[in-house]
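The values are calculated or read from the model by the stated rules, or taken from the named source; none is laboratory data. Quantities reported herein were computed from a predicted structural model and do not represent experimental measurements. Heads up, the Cβs are rebuilt from the backbone with ideal geometry, glycines too, and the neighbour counts pull from every protein chain shown.
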Amino acid sequence: MSALSSNGVLMLLAVAIPLFGAIAIVLLRRWPNAREAATLITGVALFVDVLMIACAMQGGATLNLVLARPIVGLPLELTVEPLGMLFALVASGLWIVTSVYSIGYMRAHREKSQTRFYAFFAVAIAATMGIAFAGNLLTLFVFYEALTLSTFPLVTHYGTSAAKRAGRIYLGILVGTSIGLFLIAIIGTYAVAGTLEFRSGGILDGKVTGGIAGLLLVLYVFGIGKAAVMPFHRWLPAAMVAPTPVSALLHAVAVVKAGVFSILKIVTYIFGFDLVRGLDATVALQIVAAFTVIAASLIAITQDNLKARLAYSTVSQLSYIVLAALIADRAGFLGGGMHIATHAFGKITLFFCAGAILVTAHKSRVSELDGLGRTMPWTMTAFLIGSLSIIGMPPLAGLWSKYYLIEGAWFGGSAWLVAIFAISTLLNIFYLLPIPFRAFFRSARADDSLVRREAPLACLLAIGITTLGCLMLFLFPDSILELLGGAITGGALP
Amino acid sequence: MIELYEFVIGHAIQWGAAALLAIGLYITMTRRNLIKKVVGLNIFQTAVFLLYIQMGYVTGGTAPIKEAGRTLYSNPLPHVLILTAIVVSVSVTSVALTLIVRIREAYGSIEEDDIVDLDASDADASA
Amino acid sequence: MRLLEHLPALIVAVPLVAAPICALLLRTRFPYWFAIAVAWATFAMALLLMEQVLSQGVVVYALGGWAPPWGIVYVVDPLSAMMLVLVSGMAAIIMPGTLLGIGSEVVRRAKRFFFAVTLLVLTGMLGIVMTGDAFNLYVFLEIASLASYALVAMGSDRRSLPAALNYLIQGTIGATFILIGVGLIYMVTGTLNMADMAGRIQTLEGSRPLQAALAFILVGAAIKFALFPAHIWLPNAYTHAPSMVSAFFGATATKLGAYILIRFIYTVFGDEFAFGHMGIAWVLIPAGVAGAILGSLVAIWQNDLKRMLAYSSIAQVGYIALGIGLDNRDGLIAAIVHIFNHGLMKGALFLVMASVILRLGGANMTQFRGLGRRMPLTMACFVVAGLSLIGVPLTVGFISKWYLVLGAIEAGLWPIAILVVASSLLAVIYMWRVIEVAYFETATDNRPIKEAPLQLLLPTAALALLCVLLGISTEFTVEIASRAVVFLDVGL
């Protein structure tokens, strides 16, 4: 800890700012306006800090900070690499938007225990930053667990028996897989490789037999429960009992992306593409992930609860990224990385809209949305745009990630995956587009009032920003691609 | 035959100790009367005393007192050790008996079965 | 400093002499403050000894100036120094709260005897750890045990009496088995000094008395250690003992069994005889794993939380046994670190029970309803220590688990590694039951309940804090465990 460089301070702040924010939120609990101001200021400060880290990284500075040394030879270490940078930018940027949205949502909904909500939200963001900037696998694991525990009070926010049951599923699956499989894989990796550093080209290559490497890969993919690969996906729909801002940021962006981000990172920096491509287990896992893509989409079609439908859609989309990681080449990596960003913007928009519909029209089922396009035109338009982005329609961001995913699958020699992506795109259309169609083209039921009543302004503002994000990412994907490209140019890749 | 004889008779004291050990343990584990359990424990510990005492015995040796004409002494150390062990054993017995007295005061019985029944009915009453 | 040289003798002698003095002090407050002073003094001495060991290596002290093998020596190596710090530290930290903890539970006039007996337990435990003489170890073991039986019997409920008697019977069997083992070793080596025994055992590989000796000591220590299936005494003893006694025992009592086991296996018999020749891994690993799984499973179904913690102790003892049984460096480090770490977390958890019993009159699930709001600080400590018990990263439990799993994988025992983490998932279930009840349910009555008094809250908070601090920075625990392993080292 001695001799902190200014860059080290930046890294420390990325985790510390939200934690200080959480403390400030608790201290200001008696003055809701000041408390919300603290949330927003913290969010902006964090985003600025992350931007400064990004600039420093582009300037070629080495950013590294050792937090503690809990195990000999294995420090808790923060560092920057392109994929983590992207994840941190997305998560911290969207946190500001979500905070704006939460203020509108929580007040309109007259939620109880708002202080606890904002405080744990900030802690969860701190854990997310820790995951994004984790310098080795142990650090990643530590923050991964911290994220699970800090989101638990958010999932069980209402304290009802349904919330409690959901909390049990949430914790049971996430902690169960992470301790039962992920931790074993980490310790196993440490036992064979002698290190847990993230290194370009991997640390396992040449040190293990195919069997052990395959076993480790299986343990990682299933052990990272946050990636929601079937059969460990149940926690995500369960987590939908949480207030909508939680579902929006954490269960469409931070938590779930932390899972796939970890898988992407482990494939890239722990195994290395060459090793992964050569494993039999990879094909088996691809099949499981492909099955998840299709099956979750099919389940989504059957869900009438809007948030549940979106949750299953997320499960399906997450497995895109798992597939991208398992393709294990440049295009797959770019596609996976892009999808982290594009899906984040698309899905958060959809959740924001779902929350807005809930607080304004008090509707949570797809079948109740008839005619809502007339009473909440802005919200439903945003919903349509978000849906189209996730489906992958131009001119929206989702196109790019799908483009790279398909390119990776095609040139990676697994043409059958192209078919999977195609089918799942069709299914996307089936489960997403009926929602805005109902809202716009069906007439409202007789008992619904036709008075035009939009969501709270703060909510609309947030929805507007993320919708715009979907467009902007389509127009300017270069900076993200460049950022991600930097991660793998060092390796011996085509 | 000779070996067997040696094995059985030559280690007679050890056999005796082993038998006492087994008897003591058996009593402690199977009896439901608390006093009998403690008696078993005593027998069990006595077996160990025997084991130690025979250890120090040297054929033809006498007590280790320096005296003219005596050259062969038995080893005094195990005997001293066992004095300590006997003290421990007495303390254990006294603590055990004290506990039993208090159990008798609290439960009105020194039969383990009664005590278990009483505890079970307490649990039922409170539940 | 002449006094510093005599530390090894003083650390045992001070509580020994203090115990009868304590019994003679008449007013209630005197023995209380006196016992606190003695406990903290031993803690200070333990820290000084630790410092000496770390700076100069093993400290050997010949009692009364009689050189070994005639006299009794006290030997302090890193392992015993760590045990000293654990035992005396727990005594020191728990002692101030005892008056509250026992106030409602022990007959008023027995208080001074309570403190006297507690000091005797402390004497015995410290003696076990210090001595380098096998028979002396037995004597100290009996001092500690006899006093422990008396302490358990001081519980408020009459059920503490049969619990104490059962503890006495099984404890005596265990200690006597150790005595038999020591006698058998003496028979073939002609010495009681552990170092001399070790030297002579190496030349006596096939000796049958030695084999029997190892078997007796293994079983005897396993009973003291509450290693499954020799754990029967533990649940009742911990449940019905006065709560502060449970806290002290939960943190230390079984650990001494572990210490005796490690000391005999590695220092006296040697790794090669114990593992290579006798194959005790075949006992320790299955018993450890079975204890870890079954103990946690049974803990899930308990309604009385003190009993739940008692079963959890059996599970944790299983980890320690497994670590010893793995017979590699990381496994042994895990065992030693876990002895210390588990002491911290179980101490904290039992102290929470003490606070709850003090304020609510019991520690059943029903009393925990809504406790998160009624006693927020106490429950916060419970959550921290509970997370540590589960083995969440950045807590001490994670460190132990890390080394244990690493040791298992290095030994090529992947299934064992998986069973270890599986049992820690069971810990998630039984801890979470409590956390849910405390935070999501509302209390059944609306009596105003105060937060625990400072004498209880401060020690609880201190232990909970240590659970985190020593999980982030492991220089102290792992470093000492590594050194201990070096000293115990026989071909690891």
Single condition C:F177 does not satisfy, out of (1) more than 10 Å from chain B (Cβ to nearest Cβ); (2) under 22 Å from B:L25 (Cβ atoms); (3) of a type outside the set (V, I, T):
(1)
Residue that is in contact with a helix residue (DSSP H, G or I) (Cβ under 8 Å, 6 or more places away or on another chain), assigned to a helix (DSSP H, G or I) and under 16 Å from A:G408 (Cβ atoms), where the choices are A:L326, A:L318
A:L326
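Yes or no: segment A:123-133 includes at least one residue that is within 12 Å of chain C (Cβ to nearest Cβ) and under 22 Å from A:V267 (Cα atoms).
Restricting attention to segment A:123-133, the residues satisfying the condition of being within 12 Å of chain C (Cβ to nearest Cβ) are A:127, A:130.
Now narrow it down to the ones that are under 22 Å from A:V267 (Cα atoms): A:127, A:130.
For segment A:123-133, residues within 12 Å of chain C (Cβ to nearest Cβ) and under 22 Å from A:V267 (Cα atoms): present.
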Inspect all residues belonging to segment B:72-93 and state whether any of them is over 25 Å from the mean Cα position of the chain (by Cα), surrounded by 13 or more Cβ atoms within 10 Å (Cβ to Cβ), free of Cβ contacts under 8 Å to residues at least 24 places away in the same chain and within 14 Å of chain C (Cβ to nearest Cβ).
no
Would you call A:P395 surrounded by fewer than 24 Cβ atoms within 10 Å (Cβ to Cβ) and part of a loop (DSSP other than H, G, I, E, B)?
yes
Subset of segment C:187-203 (residues that are in contact (Cβ under 8 Å) with a residue 12 or more places away in the chain, more than 19 Å from C:L261 (Cβ to Cβ) and at the interface with chain B (Cβ under 9 Å from one of its Cβ atoms))
C:M187
Does C:L79 satisfy the condition of being in a helix (DSSP H, G or I), more than 24 Å from C:M244 (Cα to Cα), modelled with pLDDT under 85 and not polar (S, T, N, Q)?
no
So the check is Cβ under 6 Å with 6+ separation or different chains; which pairs have a first residue in segment C:288-308 that's without any contact (Cβ under 8 Å) to a residue 24 or more places away in the chain and a second one that's not hydrophobic (A, V, I, L, M, F, W, C)?
C:V298/C:Y311
Among the numbered criteria (1) touching a Phe, Trp or Tyr at 6+ places or on another chain (Cβ under 8 Å); (2) modelled with pLDDT of 85 or more; (3) more than 13 Å from every other protein chain (Cβ to nearest Cβ), which single criterion is violated by C:G220?
(3)
What's the total number of residues in segment C:221-237 that are under 15 Å from C:L168 (Cβ atoms), assigned to a helix (DSSP H, G or I) and either among the aliphatic types (A, V, I, L, M) or touching a Gly at 6+ places or on another chain (Cβ under 9 Å) (or both)?
5
Which one of these is at pLDDT 90 or above and buried (at least 17 other Cβ atoms within 10 Å of the Cβ): C:A44, C:A18?
C:A18
Contact list, first residue from segment C:436-453 and more than 14 Å from every other protein chain (Cβ to nearest Cβ) and within 15 Å of A:G167 (Cα to Cα), second anywhere and in a loop (DSSP other than H, G, I, E, B) and of a type outside the set (A, V, I, L, M, F, W, C), beta-carbon distance below 8 Å, six or more apart or interchain, is none
Would a scan of segment A:15-24 turn up a residue that is more than 23 Å from the chain's Cα centre (by Cα), in a helix (DSSP H, G or I) and over 21 Å from A:A132 (Cα atoms)?
yes
Does C:A464 count as surrounded by 21 or more Cβ atoms within 10 Å (Cβ to Cβ) and either out of contact with any Leu (no Cβ under 7 Å at 6 or more places or on another chain) or free of Cβ contacts under 8 Å to residues at least 40 places away in the same chain (or both)?
yes
Where a residue in segment C:412-431 is within 10 Å of another protein chain (Cβ to nearest Cβ) and its partner, wherever it lies, is crowded, with 23+ Cβ neighbours inside 10 Å and assigned to a loop (DSSP other than H, G, I, E, B), with Cβ under 6 Å and at least six apart
C:S424/C:G391
Options B:R104, B:R31: the member that is charged (D, E, K, R), over 19 Å from C:A153 (Cβ atoms) and either without any contact (Cβ under 8 Å) to a residue 60 or more places away in the chain or more than 8 Å from chain C (Cβ to nearest Cβ) (or both):
B:R31
Total residues in segment C:107-144, condition without any contact (Cβ under 8 Å) to a residue 60 or more places away in the chain, within 14 Å of chain B (Cβ to nearest Cβ) and farther than 18 Å from C:V17 by Cβ:
5
Just checking, does segment C:386-398 include any residue being in a helix (DSSP H, G or I) and more than 14 Å from chain A (Cβ to nearest Cβ)?
no
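So which of A:I212, A:I203, A:I184 is in a loop (DSSP other than H, G, I, E, B) and either over 25 Å from the mean Cα position of the chain (by Cα) or at pLDDT 85 or above (or both)? Can you show your working first?
Values: A:I212 fails: in a loop (DSSP other than H, G, I, E, B); A:I184 fails: in a loop (DSSP other than H, G, I, E, B).
Just a single option satisfies the conditions, and that option is A:I203.
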Confirm whether C:S207 is of a type in the set (G, A, S) and over 21 Å from B:A17 (Cβ atoms).
no
Yes or no: segment A:95-110 includes at least one residue that is within 12 Å of chain C (Cβ to nearest Cβ) and either free of Cβ contacts under 8 Å to residues at least 40 places away in the same chain or over 19 Å from the mean Cα position of the chain (by Cα) (or both).
no
On the given criteria, is A:Y220 under 24 Å from C:K401 (Cα atoms), in contact (Cβ under 8 Å) with a residue 40 or more places away in the chain and either of a type in the set (K, R) or more than 10 Å from chain C (Cβ to nearest Cβ) (or both)?
yes
When you scan segment A:187-197, do you find a residue that is over 16 Å from A:V260 (Cα atoms) and under 24 Å from the mean Cα position of the chain (by Cα), even just one?
yes
Answer yes or no as to whether C:A363 is buried (at least 22 other Cβ atoms within 10 Å of the Cβ) and either within 27 Å of A:R116 (Cβ to Cβ) or at pLDDT 90 or above (or both).
yes
Residues that are within 9 Å of chain B (Cβ to nearest Cβ), buried (at least 22 other Cβ atoms within 10 Å of the Cβ) and outside any loop (DSSP other than H, G, I, E, B): does segment C:151-163 have at least one?
yes
Restricting the first residue to segment B:47-67 and requiring it to be farther than 21 Å from C:T176 by Cα and away from chain C (no Cβ under 13 Å), which pairs with a second residue that is hydrophobic (A, V, I, L, M, F, W, C) and not in a helix (DSSP H, G or I) meet a Cβ separation below 8 Å and a spacing of at least six or different chains?
B:G60/B:L72; B:G61/B:L72; B:T62/B:L72
Going through A:G206, A:G210 one at a time, which residue ends up being small (G, A, S), touching a residue at least 40 places away in the same chain (Cβ under 8 Å) and over 20 Å from A:L83 (Cβ atoms)?
A:G210
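So, C:M345, is that one touching a Lys or Arg at 6+ places or on another chain (Cβ under 9 Å), under 30 Å from A:R165 (Cβ atoms) and more than 12 Å from chain A (Cβ to nearest Cβ) or not? Spell out the reasoning first.
On the way: touching a Lys or Arg at 6+ places or on another chain (Cβ under 9 Å): no; under 30 Å from A:R165 (Cβ atoms): yes; more than 12 Å from chain A (Cβ to nearest Cβ): yes.
Considered against the rule, which asks whether it is touching a Lys or Arg at 6+ places or on another chain (Cβ under 9 Å), under 30 Å from A:R165 (Cβ atoms) and more than 12 Å from chain A (Cβ to nearest Cβ), C:M345 comes out as no.
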